[in-house]
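Report on the structure given below.
We did not get these values from a lab; they are worked out from the coordinates using the rules stated. None of these values were measured; they are calculated from a predicted model. Glycine gets a Cβ as well: all are built from the backbone with ideal geometry, and neighbour counts include every protein chain shown.
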Amino acid sequence: MLTLQEIKQQPIPQHIAVIMDGNGRWAKEHGQQRLAGHQQGAHALREVMEGSIMLGVQYLTVYAFSIENWNRSQDEVLGLMQLFVHTCKEELPTLQKYGVCFHAIGNLSMLDNYCREAIQEVEEKTKHNTTLHFQVAISYGSRWEIVDAAKQIAKDVKDGKIALESIDEQLFSNYLQTKNIPDPDLLIRTSGEYRISNYLLWQIAYSELYFTDCYWPDFTKEKLFLAVENYQNRERRFGKTSEQIK
Ligand code: IPE
Ligand code: IPE
Ligand code: MG
């Protein structure tokens with residue numbers, strides 16, 4: 001394992017996306033309720049945020065709650081929403097201290113008012129911060145996002161705001177939740193599952209994928225650094241040959 005200084009001498013991913021999975025199984029292994037796993041997961045998130053800042057990562061986007069997660073028990077959903085709001089309020093001073101700009105992505109219209117208000121408050125108070133752009137995907141689903149973008153584009157064409165001919169990949173990206181955010185360079189998923197679970201499907205077209213068996217609550221800065229070290233050993237070819245990019 002390299003030191004932080006050594007890692008920083010190699011290209012650092014500009015944008016890291018994370019699927020924070022395995023809280024439930026972590027709790028089960030520790031003989032606790034699922035919610036205890038989610039609480040512990042919030043600590044791991046702090047670790048990854050701090051680690052990202054230490055590395056000089058500019059964008060961090062984490063999957064906190066999927067649209068499909070609304071199908072979980074009422075108790076778990078409520079517990080997660082309360083934890084989310086609590087964490088927003090509790091971590092606001094830390095976000096300010098580090099200069100983190102917070103932004104939520106997802107179908108926020110499905111959230112309760114108190115949740116949306118908590119999000120708006122943190123977004124408003126951190127909007128001028130520039131050290132790290134931190135996106136939390138909540139009530140997020142990539143297919144919903146893409147369909148929603150298609151609808152908005154159709155409406156803008158119908159209303160004469162844009163021409164049909166002007167629709168290209170760049171314009172489409174600008175209608176996604178992640179507009180103005182570069183695509184992830186590295187996607188990390190914890191918990192040993194090898195799937196994407198409806199996360200950033202458009203945006204990860206050329207991301208490097210990193211899977212680890214570690215449950216999310218056990219994820220640390222050091223594990224983040226390992227993932228980045230692994231990323232640095234990849235060759236990103238974007239369709240070209242190895243010889244072409246050398
Ligand atoms: C991830 O952990 C957090 C959310 C999906 C909200 P899980 O709750 O999915 O944990 P496992 O996958 O059941 O272990
Ligand atoms: C993905 O985890 C969503 C989040 C981490 C928030 P899930 O635990 O919901 O994913 P699946 O259902 O196992 O694919
Ligand atoms: Mg899971």
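To the nearest 500 deg cm²/dmol, what mean residue ellipticity at 222 nm is calculated for the chain from DSSP H runs of n ≥ 4 alone, each contributing -39,500 (n - 2.57), summed and divided by the residues?
Mean residue ellipticity, 222 nm, calculated: -14000 deg cm²/dmol.
Contour minus end-to-end for Arg195 and Lys155, with contour as 0.36 nm per residue of separation and end-to-end as the Cα-Cα distance?
On the way: separation 40, 0.36 × 40 = 14.40 nm, distance 3.30 nm.
In short, 11.1 nm is gained.
Under a plain spin-label model, where a point goes 7 Å from the Cα along Cα-to-Cβ, how far apart in nm are Lys125 and Tyr206?
3.9 nm
Along the Cα-to-C-beta direction of Asn230, a point sits 7 Å from the Cα; which residues of the stretch 60-74 have their amide N less than 19 Å from that point?
Once the point is set 7 Å along Cα→Cβ of Asn230, 60-63 turn out to lie under 19 Å by backbone N, inside the stretch 60-74.
Based on other C-beta atoms within 10 Å, arrange Tyr175, Tyr63 from fewest to most.
Least crowded to most crowded, the residues run Tyr175, Tyr63.
Full-extension gain between Asp213 and Arg46, please, as 0.36 nm times their residue separation minus the C-alpha to C-alpha distance. Spell out each step's value before the answer.
Details: separation 167, 0.36 × 167 = 60.12 nm, distance 1.97 nm.
Difference between extended and current length: 58.2 nm.
When the chain is fully extended, how far beyond the present Cα-Cα distance does Tyr114 get from Leu4, taking 0.36 nm per residue of separation?
Computed gain between Tyr114 and Leu4 is 35.6 nm.
Using the scaling law 2.2 N^0.38 Å as the reference, what is the normalised Cα Rg of the stretch 1-60?
Ratio of Rg to 2.2 N^0.38 Å for the stretch 1-60: 1.40.
Ranking Val57, Val147 by Cβ neighbours within 10 Å, fewest first, what do you get?
Going from least to most buried by this count: Val147, Val57.
Lys/Arg Cβ at +1, Asp/Glu Cβ at -1, dipole of the chain taken about the Cα centre: which of Ala36, Gly160, Asn71 is farthest positive-ward?
Gly160
Can you list the HN-Hα couplings for the stretch 144-161, worked out from phi with the Karplus curve (6.51, -1.76, 1.60; θ = phi - 60°), rounded to whole Hz and with x for Gly and Pro?
With coefficients 6.51, -1.76 and 1.60, one gets 4, 4, 5, 5, 4, 4, 4, 5, 5, 5, 4, 5, 5, 5, 4, 7, x, 7 Hz.
Name the residues whose placed amide hydrogens come within less than 5 Å of the amide hydrogen of Ile105, ignoring near sequence neighbours (fewer than 5 apart) on the same chain.
Result for Ile105 returns Val136, Ala137, Ile138.
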